[in-house]
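J.: The following block contains the structure, expressed as structure tokens.
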Amino acid sequence: MPTVRIGSGAGYSGDRIEPAVELAEKGDIDYLVFECLAERTIALAQQARMKDPAAGYEPLLPARMRAVLPTWHAKKIRIVTNMGAANPIAAAEATREIARALGLKGVRIAAITGDDILAAAKAADVPLEDGGTINQLGNRTISANAYIGARPIADALADGAHIVITGRAADPALFLGPLLHEFDWAMDDWDMLGQGTVVGHLLECAGQITGGYFADPGVKDMPDLARLGFPIGEVREDGELVVTKVAGSGGRVTPATVKEQLLYEIHDPTRYFQPDVIADFSAVRIEEIGPDRIRVVGGRGAPKTGLLKTSVGYLDSFVGEGQISYAGPGAVARGKLALDIVRERLALTGVAMNESRFELIGVNALHGDRAMEAAEPYEVRVRVAGRTDSLAEATRIGNEVETLYTNGPAGGGGAWKSAREIVAVASTLVPESVLQLKRTILET
């Protein structure tokens, strides 16, 4: 039965590059997928594009392409990625220039655009999950990007693209697209689309299924994480998946790592909403068939809703932060005194905060005062953070922490401060009919 081998070259924007090179050189793969967008990533990319029309794509795209394109030329591996972010055409142009610089001829690159639906969302004044509407955000709105499905990716591959670059595609769709192209699954074969979504969901986070975000020393030990290998999915025409990795690479693929990733970010395993299908993971079966070889079958599906999740990015507020450390006998007491001083100083000087945190990292920063019963640590890190309506107000928070050097408890060191703008994301649903997708082809 025909089988396709898909490697996962990245699970987030800043992921390691070496495992993708290892997949390209040693993985005997047909496709290499880079999944690099998160909810806020696309809004930040839109913000970058507003400042520079040539920007807005994944910053590591050039480094990734330079690293893997030479191997692509030798082995004809096809690449699918959402590194186009807010500017897929600019990403495709950058990729073409890299290919040319490497002396690669005949590289066909497809840029898929149309997920940016900000104008349509404003025209319809779409409702947001918090009960408001997009137009109530006023000029704070940065972006509105709909999650597109797998069909446009499959069509680009059918058109001969060696590299397909999208914006906000649904994560599993990046893997489902090649499967649609290779196996010609029908777009109303809901169970096959559901199993293909299982494939994509398991592979999309790269190292998470090979032992990353899994290890817990003494409980769930995982070897050689510094050389963690990224996963390969061997997918048959009937949808059967075997998850594996390059022999000799770090980490492991086990039933436990696969099960944890299967449940990752899933609210209802029986109804996982995607642009192409409502996937049902409840009957998935996982079987170890060899070292680092896990067989996965049983994904099912139901008809899609016709609605697309859309992430709306907007300017929310500003956050000011300051930190300083205390060590030695009485470190906790001095840290508490430092917090008291800053709290009083912010009140005295009238810093307007909508929300604030005063905490000792290592004592109560994660679990509050419930953790105070533990043995007193030898060192602590004071942290004060506050949300404000202006950058000037946010800056004052860190300044007050810094003044603890000479106006606070003894022995403070390593002070650090920052003030930054916060981009937030709200979700909405839009009919897929609003999409006007376009494919732009570039060649070397």
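J.: Each residue of the range 135-146 in turn: what ³J(HN,Hα) in whole Hz from Karplus with 6.51, -1.76, 1.60 and θ = phi - 60°, glycine and Pro shown as x?
T.: Result, ordered by residue: 6, 5, 6, x, 7, 7, 5, 9, 7, 8, 10, 8 Hz.
J.: Would you calculate a helix-derived [θ] at 222 nm for the chain, using -39,500 (n - 2.57) for each DSSP H run of n ≥ 4 and dividing by the full residue count, to the nearest 500? Please list the in-between numbers first.
T.: Numbers: 12 runs with 134 residues, N = 444.
Result for the chain, helices only: -9000 deg cm²/dmol.
J.: Hey, in the GNM for the chain with a 10 angstrom Cα cutoff, which one of Val253, Val319, Val33 fluctuates hardest?
T.: Ranking Val253, Val319, Val33 by mean-square fluctuation puts Val319 first.
J.: Still on this structure: Run the numbers on the chain and let me know its relative contact order in percent, using alpha-carbon pairs under 8 Å that are six or more apart.
T.: Relative CO of the chain lands at 18 percent.
J.: Taking the structure as given and computing volume of the Cα convex hull per residue in Å³, which label from (i) 233; (ii) 170; (iii) 200 fits?
T.: The listed entry that was calculated here is (ii).
J.: Okay, moving on. Could you list which residues have their amide H under 5 Å from that of Ala144, counting only those 5 or more apart in sequence or on another chain, with H placed in the peptide plane?
T.: Those lying under 5 Å, H to H, from Ala144 are Ile117, Leu118, Gly313.
J.: So for the pair Ala347, Ser418, with labels modelled 7 Å out along Cα→Cβ, what separation do we get in nm?
T.: For Ala347 paired with Ser418, the spin-label model returns 2.9 nm.
J.: Right, here's the next one. Arrange Cys36, Cys205 by Cβ neighbour counts within 10 Å, fewest through most, would you?
T.: With the fewest neighbours first, Cys36, Cys205 line up as Cys205, Cys36.
J.: So between Met50 and Ala63, what do we pick up on full extension, going 0.36 nm a residue minus the alpha carbon distance? The partial results should precede the final answer.
T.: Details: separation 13, 0.36 × 13 = 4.68 nm, distance 2.30 nm.
Computed gain between Met50 and Ala63 is 2.4 nm.
J.: When Met50, Met1 are ordered from fewest to most other Cβ atoms inside 10 Å of their Cβ, what list results?
T.: Met1, Met50
J.: 5 Å is the cut-off here: which amide hydrogens, built 1.01 Å from N in the peptide plane, fall below it relative to Ser317, excluding neighbours closer than 5 in sequence?
T.: Counting only residues 5 or more places away or on other chains, the set is Ile422.
J.: Compute a Gaussian network model of the chain, connecting alpha carbons closer than 10 Å, and tell me which residue from Gly313, Gly131, Gly408 fluctuates the most.
T.: Checking each option, the largest mean-square fluctuation is seen for Gly131.
J.: Measuring from label point to label point, each 7 Å out along Cα→Cβ, what is the Glu265 to Leu437 span in nm?
T.: Going from the Glu265 label point to the Leu437 one covers 1.9 nm.
J.: If you don't mind, there's one more thing I want to ask. Which of Tyr264, Ala247, Ile278 sits closest to the plus end of the dipole of the range 238-281, meaning its Cα is farthest towards the positive end, when Lys and Arg get +1 and Asp and Glu get -1 on the C-beta?
T.: Working it through, the farthest residue towards the positive pole turns out to be Ala247.
J.: Another one. Within the chain, how many lysine pairs that are 8 or more places apart, or on different chains, have C-alpha atoms less than 20 Å apart?
T.: Value for the chain: 13.
J.: Could you list the GluC sites (Glu not before Pro) in the range 25-130 that lie in coil according to DSSP, counting only those with at most 16 other Cβ atoms within 10 Å of their Cβ?
T.: Filter output for the range 25-130: Glu129.
J.: OK, next. List the relative contact order of the range 312-427 as a percent without decimals, with contacts defined as Cα pairs under 8 Å and 6+ residues apart.
T.: Contact order relative to length: 49 percent.
J.: What is the order of His162, His201, fewest Cβ neighbours within 10 Å to most?
T.: Arranged by neighbour count, lowest to highest, His162, His201 become His162, His201.
J.: From the square roots a ≥ b ≥ c of the eigenvalues of the alpha-carbon gyration tensor of the range 346-427, which class results: rounded (a/c under 1.5), prolate (a/b over b/c), or oblate?
T.: Taking the square roots of the gyration eigenvalues as a ≥ b ≥ c, the range 346-427 is oblate.
Here, each number is a calculation from the coordinates, and none is a lab measurement. Remember, predicted model here, so these are calculated numbers, not experimental data. Every residue, glycine as well, gets a Cβ built from its backbone with ideal geometry; the counts of neighbours run over all protein chains shown.
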